[in-house]
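None of the figures in this text is laboratory data; all of them are computed from the coordinates on show. Just so we're clear, the structure is a prediction, and the values are computed from it rather than from any experiment. Virtual Cβ from ideal backbone geometry, glycine too; neighbours counted across all protein chains shown.
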Amino acid sequence: MIEVEAFVKRYGDFVAVAGTSFCIPVGSVAALVGPNGAGKTTTIRTLCGILRPTAGRLRVAGADLAVDPLLVKQRTAYVPDDPPLFDTLTVWEHLQFIASAYRLTDWQGDGDGLLSRFSLSDKKNTLASELSRGMRQKVAIACAYLRSPDVLLLDEPMTGLDPPSIRILKDSIREQSQRGATVLVSSHLLSLVDDLCDFLVLIRQGRVLFSGPLEEARAQFGGASRSLEEVFFRLTGQEEPNAPEADELTPGEQASGDD
Amino acid sequence: MIDPALTHLMRMLMRAGFRQAWRLIKRPSGAFFTLFMLAMVGFGLMPTVVMTLTAEQQPPSAFARVVADSIPLLMYIAAAAMVATNSGEALLELKPAELQFVLAGPFTNSHILSYRLLTLAFGWLPISVFFAVFMLPHLGSFLGGLLGISSGGILITMLAFQYTLLKPRLSPGVLRAIRLAALTSVAVILIEAAGRVSGVDESYSITVVSQAINGGVAARVLSLPFRPFATVMTNDLGIELLIGQLISLGLIAAITVSCYRTNRGFSELAVEGVARRQKKLERIRGGNVYGFSTRNAERSQLLPAFGWLGGVGPVAWSQVTSAVRRTGRLVPGIVVLGIVAAIAAAAVLQLFPDTIPDTGRTYAVPIALAASAYLGFLLSITSQTGFAASPRLLTWYQTLPIRPMAIATGMVSGTATLLIAIQLALCLPALVISSQGVAASLSMLFAGAAFSVAFATMTNFIAAVTGLRPMPGGTPDVFQGARALVFMMILGLSMTPILLLAVGSAGVAGAVFGFFWTYCSIAAGLAMLAGLPALWWYAGTRFVDSDSVGDES
């Protein structure tokens, strides 16, 4: 479960996240969606313990970020957008590093399985510097999966992947959710979100415009098409100047929107 | 010749460059860098200004004559080296953005070539001004120096450029022949020079040696096309300078016309150049400053896992593996050289026991330690290990469920391993020839190792606390050199208290137990190590609490 309460993040005078609150249930695959500069990456980086919140309370997988950040890190896996790898380590050595840092035992079988699943078996002993963008992405995802985290935070996970890899990743995300992990996916690809996620957190300019089940969002803001695209444009007020702004929505429409 | 859109782009880029520089200067850190750089340049130019003001009426110095004699030959060797090493390819490495806006734009090869040549010329001009000022006491006049240096540099660049443009039209055999000819001509000059220098009857002086090198037949013939540039640089304003400059311009014009007539494949070469540059930038951003060989992309595991060790183990393992791989064969090479040198030293001492003077044998280990400290400094500051790694890579460590102090302790291990390996390599022969006892030598080694750990700790500490890097990341800009100098200055200042404490402790140990190498070295080593845990704790906490990690800066 991910619980975020009145979360504020400031960089000097700039407010990246302005008091957001949302709660993602255990086992959900949630989408964190919003226009550029909405505060998605800041939110994800704070949830995994890289950034310190300026204010607010964040609980990840039952651990309070302010009280026990190490426990949060133990239970969370984060895959950044365009993940950096150690150029001097091989693919297998990345898994080994993760195994030793998270004190995993008997992980080799799982490691081989993950490499095989992501078609990386023949790259096992290849230096990361020699991998393509998509392969690097897959190595980072394999590192995240290796330790079966309670919460998975994925920032634009499909970028650079080929269609077969996208399908494998989508299946694997569903499997992670089925075993009880909470998955938060930040993405601009609304079709991916539509296909994969069952929960939506929509933010703009550091404020949550909607958080709740995706079906609910479709029903309330999806119009006749009930599409996520419609939900996005209606709530963010982008592209469609005549569409009602979030502030202009009726109280009924705002009921599910936090903040 | 050049499209107005491209000149407009050049103007805009130049303005943007000044704007960026002004923005940096306005910030306190930028202002400090600027002042620092100005002070450095000022100190560098001070002797020149003083010499120029005081030596106005005096005849040219011996050094000035040496410079005048040597310039043509140096220019020839530079041009030959550029051809032999394919340096002209680097001149075609346009910026990645230029791929989209210039190479893919509605411009002919000639337009793009003009654009490239003009951007290179505008980059070379300020450097020529600097050199003209710097060498003013040894030049005929400032104007002559500026004209000679700038046009000489342009000619060498154009020659390399011409060779690169011709490469696609020439067969591999002809290319090999050209490169071989360039290398052979330099070898002939060197052999001739060696022969002439060894055959000199009078006692050696810089003038005699210079005359011997530059007076040879091969040297004079091959450097002939470059003589006008030396004439322009070293003659007073007058007819000789004018003629020299006209010949220089004629040569540049000829080679430039030739470049324009052979620029058919320029765009393709430039596209390859952009790709090369992009890869190079990505490599440097990733921390691979040395460009370690990736020819063999498959690697077997270098080291077994270190175990948990309170969280230090995993971090240390990744750091040591990265540091050793990143420096390629350098460290193992130095160790092998150290072993060979030690065996050779042992053999020499057996055969000729009095070869090495007593003083040298007494101070062999301290001298080796000092040399290894310097070499280690050069190597470690460029290897981007520990907290000096690229900010994005540090994300890995910030997400680990490991306590800050353990992270910081592990981060030191990469740099420390490099330093200690170099130390051992240089100290092996020193230990063989040292006249000190085993205990004294080993205690000195301990002090050296303690210095290495302290140095590695301080490098990490500065990177974690200030965000400065010995090798700044990101796209190279004019301020990177200044930032590296500031890092070194801060590092030097930060090491001062540790070194003072070490010296003080050694003094106290000497006063109490007697001034023996053993006691003093152990005391100094322990003193250097004493405060490090506090530094690890603070650096680790600052790193984990830092908000800047993960963003490229």
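Here, the protein assembly as shown is characterised by an Rg to Rh ratio of 1.02, where Rg is the alpha-carbon radius of gyration and Rh the Kirkwood radius. Note on B:Ile247/B:Arg220: beta-carbon distance plugged into 1/(1 + (r/R0)^6) with R0 of 25 Å gives a FRET efficiency of 0.90.
A straight line joining the Cα centroids of segment A:119-156 and segment B:127-142 runs 56 Å. Spin-label pair B:Arg27-B:Asp358: with each label point 7 Å from Cα along the Cα-Cβ axis, the two points sit 5.9 nm from one another. Any idea what angle helix B:517-530 forms with the longest principal axis of chain B, computed on alpha-carbon atoms, 0 to 90 degrees, nearest 10? Relative to chain B, helix B:517-530 is tipped by roughly 80 degrees. Oblate is the label for segment A:36-79, because the ratio a/c of its alpha-carbon gyration tensor axes (a ≥ b ≥ c) is 1.5 or higher and a/b is not greater than b/c.
Rounded to the nearest 10 degrees, the angle from helix B:404-433 to the longest Cα principal axis of chain B is 80 degrees.
Can you work out the FRET efficiency for the pair B:Leu337 and A:Arg57, with r the C-beta to C-beta distance and R0 = 51 Å, to the nearest 0.05? The value I calculate is 0.30.
Go ahead and set up a Gaussian network model of chain A, Cα springs under 10 Å, then flag whichever of A:Val15, A:Val139, A:Val29 fluctuates most. Fluctuation is largest for A:Val15. Distance between the C-alpha centers of segment B:193-263 and segment B:391-408? Whole Å please. Here the two parts' Cα centres lie 57 Å apart. Out of every Cα-Cα pair that chain A contains, those further apart than 25 angstrom amount to 44 percent. With a cut-off of 18 Å on the backbone N, the residues of segment B:72-95 near the modelled label site 7 Å out from B:Val197 along Cα-Cβ are B:72-78.
Counting only DSSP H runs of at least 4 residues, each contributing -39500 (n - 2.57), and dividing by the residue count of chain B, the helix-based mean residue ellipticity at 222 nm comes to -25000 deg cm²/dmol.
Shielding of peptide A:45-56 by partners, expressed as the average count of other chain Cβ atoms within 10 Å per residue Cβ, is 3. The C-alpha atoms of segment A:194-239 occupy a region whose extents along the principal axes are 25, 21, 16 Å, arranged from largest to smallest.
Label-to-label distance for B:Ala177 and B:Ala90 is 2.9 nm, based on points extended 7 Å past Cα in the beta-carbon direction. Could you give me the percent of Cα pairs per 5 Å distance bin for segment B:311-545, shortest bin first, beginning at zero and ending with the bin that holds the maximum distance? Result returned by the calculation: 1, 7, 13, 17, 17, 15, 12, 9, 5, 3, 1, 0, 0. Among the residues of B:398-409, the average count of other protein chain beta-carbon atoms within 10 Å of the residue beta-carbon is 4.
The mean number of partner chain beta-carbon atoms within 10 angstrom of a residue's beta-carbon across peptide B:312-322 is 4.
Starting from the Cα gyration tensor of segment A:55-200, take the square roots of the eigenvalues, sort them a ≥ b ≥ c, and report rounded, prolate or oblate (rounded when a/c is under 1.5, otherwise prolate if a/b is larger than b/c, else oblate).
On the way: a/c = 1.70, a/b = 1.19, b/c = 1.43.
Cα axes put segment A:55-200 in the oblate bin.
Between B:Leu485 and B:Gln20, the FRET efficiency estimated from the beta carbon spacing at R0 = 25 angstrom works out to 0.80. Across chain B, the relative contact order, built from alpha-carbon pairs under 8 Å that are at least six residues apart, equals 15 percent.
Between rounded, prolate and oblate, where does segment B:142-280 land on the alpha carbon gyration tensor, with a ≥ b ≥ c its root eigenvalues, rounded for a/c under 1.5, else prolate if a/b exceeds b/c? Oblate. Highest mean packing comes first when the peptides B:490-497, A:77-84, A:91-98 are listed by Cβ atoms within 10 Å, giving A:91-98, A:77-84, B:490-497.
Placing dummy labels 7 Å off each Cα toward the beta-carbon, the span from B:Ala344 to A:Arg226 is 8.3 nm. Pairwise Cα distances in chain B exceed 40 Å for 43 percent of all pairs. Between B:Ser443, B:Met488, B:Pro404, the Cα set farthest toward the positive side of the dipole of the protein assembly as shown (charges on each charged residue's Cβ, about the Cα centre) is that of B:Ser443.
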